[in-house]
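For reference, the structure discussed in these notes is given below.
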Amino acid sequence: MIVSDYSTNNVGALNATYTIGCDAADTVGIQITGTFAGTLTFQASIDGGNWVTAGVLPVGTTTPTTWVTTTTAGGVWTRSCEGLKWFRVQMTAYTSGTAVVGIVGTRHSK
């Protein structure tokens, strides 16, 4: 398994985003920390200009097959990058604070 560098970005305003390219990844892992009041939406794109809401799987829950598309709290999620060029997290509703969004891409050895 090959893991790309894990990096983070502060997302603390309405429509602020953090984006990762999926070219070199089979899956992405997303970790959100920080203190914020708002809604973060998971999104994907194949052209980098047109974004759609994308489901992600929460890690460490009792029902890991329940896809979610938004969060209002910290946590860890994962999803496949198959067929995608880009993946991002966008603050689609914002009241206060800063979410620290970390994303890592992983390629499985073949």
Completion exercise
Using the Cα gyration tensor of region 6-64, the equivalent ellipsoid's semi-axes, largest first and to the nearest Å, work out to 19, 18, 12
Exercise for the section: Could you pull out every residue, at least 5 positions away or on a different chain, whose amide H is within less than 5 Å of the one on A16? Hs are placed 1.01 Å off N in the peptide plane, and Pro or chain starts have none. Expected result: M91
Problem - Unit charges on C-beta of K, R, D, E only; dipole of the chain, Debye - result: 60
Practice task
Please list the equivalent ellipsoid semi-axes of the chain, computed as the square roots of five times the alpha-carbon gyration tensor eigenvalues, in descending order and whole angstrom.
Solution key: 21, 15, 13
Handout entry: FRET efficiency estimate (nearest 0.05) - Cβ-Cβ, T35 to S80, R0 35 angstrom
Key = 0.70
Practice task
Please state, to two decimals, what the Cα-based radius of gyration of region 39-83 comes to when divided by 2.2 N^0.38 Å (N = residues).
Solution key: 1.21
Practice task
Compute log10 of I(q)/I(0) for region 71-110 with the Debye formula, placing one identical point scatterer on every Cα and leaving out solvent, at q = 0.21, 0.26, 0.32 Å⁻¹, to two decimals.
Solution key: -0.86, -1.14, -1.44
Problem - Solvent exposure ordering (accessible area, 1.4 Å, most first) of R107, R79 - result: R107, R79
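The values are calculated or read from the model by the stated rules, or taken from the named source; none is laboratory data. This one's a predicted model, so the numbers in the text were calculated from it and none came from an experiment. With ideal geometry, Cβ positions are generated from the backbone for all residues, glycine too; neighbour counts draw on all protein chains shown. The protein model used for the area step is the full one, side chains on, heavy atoms only, and it has no ligands, DNA or RNA in it. Shrake-Rupley method; radii C 1.70, N 1.55, O 1.52, S 1.80 Å.
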